[in-house]
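Student: Before I ask anything, let me first share the structure, which is written out below as structure tokens.
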Amino acid sequence: MIVKPLLIAVAGASGSGKTTVANALLQGIQSLGLTATLFSQDNFYNPVGHPLNNYDEPQALELDLLAEKLNELKQGLATEIPTYDFVVHRRRQETQMIAPLDVILIEGLFLLSQPNLVSAFDFKIYLDVPQEICFQRRFDRDQLERGREPDDIIRQYTDQVRPGFEKYIAPYRDQADIRIDALPSDLESFIKKTLNLTR
């Protein structure tokens, strides 16, 4: 039997908590007895990058390739997606196989700004978090996980991240089916009622 999955987008600014929220939703959905997986739009950054390139505009990613992969999944087909290494700013040789399970979660910056992506999703969540909080989260993360210097993080945020948010993310938040700043404490009810997911 061909499984045609429910595709759910988790979108928002850098540092808004997309990965945290998407992982929590993944665990909650699986706890209901549904099969589910998660991957990031970040996997589709252009194969060869550099720290001085602008990662905060859609042109930095192969979003048409992401749209192709989403459409394959919607047809009930397994698909192979790239992976990306932010430390060396290169696409890895390894790929990730995504099977058409009951639910597939995708998190990323630009999921709501591209019509060919928006049309592929069955449900879209936007994380509406103040930029001050997003910046602090990014500031901490980039030092701990990516080994970056504080001055470089501040420069990139000022020159690229904040302008990219204002141009490519904030104007499209109304494309979402729901806007939240965090998941509610009763995650099971949220998944059942808001996402209409039951076994």
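Student: Taking region 90-104 as the search range and keeping residues that are under 14 Å from residue 40 (Cα atoms) and either among the basic types (Lys, Arg) or without any contact (Cβ under 8 Å) to a residue 40 or more places away in the chain (or both), which one is surrounded by the fewest Cβ atoms within 10 Å (Cβ to Cβ)?
Tutor: Looking only at region 90-104, we keep the residues that are under 14 Å from residue 40 (Cα atoms), and these are 91, 95-98, 104.
Still in the running and either among the basic types (Lys, Arg) or without any contact (Cβ under 8 Å) to a residue 40 or more places away in the chain (or both): 91, 95, 97.
On the way: 91: 19, 95: 13, 97: 9.
Ranking the qualifying residues of region 90-104, first place goes to 97.
Student: State the number of residues belonging to region 22-47 that are of a type in the set (A, V, I, L, M) and outside any helix (DSSP H, G or I). Walk me through how you get there before you give the answer.
Tutor: The first filter runs over region 22-47 and keeps only residues of a type in the set (A, V, I, L, M), leaving 22, 24-26, 29, 32, 34, 36, 38.
Next, from what is left, pick out any that are outside any helix (DSSP H, G or I): 32, 34, 36, 38.
Residues that pass the stated criteria total 4.
Student: Turning to a different aspect of this structure: Do you know which residues across region 60-84 are at pLDDT 95 or above, hydroxyl-bearing (Ser, Thr, Tyr) and closer than 17 Å to residue 47 by Cα?
Tutor: Result: 83, single match.
Student: Can you name every residue in region 48-89 that is part of a helix (DSSP H, G or I), touching a Phe, Trp or Tyr at 6+ places or on another chain (Cβ under 8 Å) and surrounded by fewer than 18 Cβ atoms within 10 Å (Cβ to Cβ)?
Tutor: The initial filter retains those residues of region 48-89 that are part of a helix (DSSP H, G or I), namely 58-60, 63-74.
Subsequent filtering for residues that are touching a Phe, Trp or Tyr at 6+ places or on another chain (Cβ under 8 Å) retains 58, 60, 63, 65-66, 70.
Of everything in region 48-89, those that are part of a helix (DSSP H, G or I), touching a Phe, Trp or Tyr at 6+ places or on another chain (Cβ under 8 Å) and surrounded by fewer than 18 Cβ atoms within 10 Å (Cβ to Cβ) turn out to be 58, 65.
Student: Of these, 85, 42, which one is more than 21 Å from residue 163 (Cα to Cα) and not polar (S, T, N, Q)?
Tutor: 85
Student: Answer with yes or no whether residue 81 is touching a residue at least 40 places away in the same chain (Cβ under 8 Å) and out of contact with any helix residue (DSSP H, G or I) (no Cβ under 6 Å at 6 or more places or on another chain).
Tutor: Working: touching a residue at least 40 places away in the same chain (Cβ under 8 Å): yes; out of contact with any helix residue (DSSP H, G or I) (no Cβ under 6 Å at 6 or more places or on another chain): no.
No: the conditions fail for residue 81.
The values are calculated or read from the model by the stated rules, or taken from the named source; none is laboratory data. Predicted, not measured: the structure shown is a model, and the values here were computed from it. Glycine also receives a Cβ, built like all others from the backbone with ideal geometry; neighbour counts cover every protein chain displayed.
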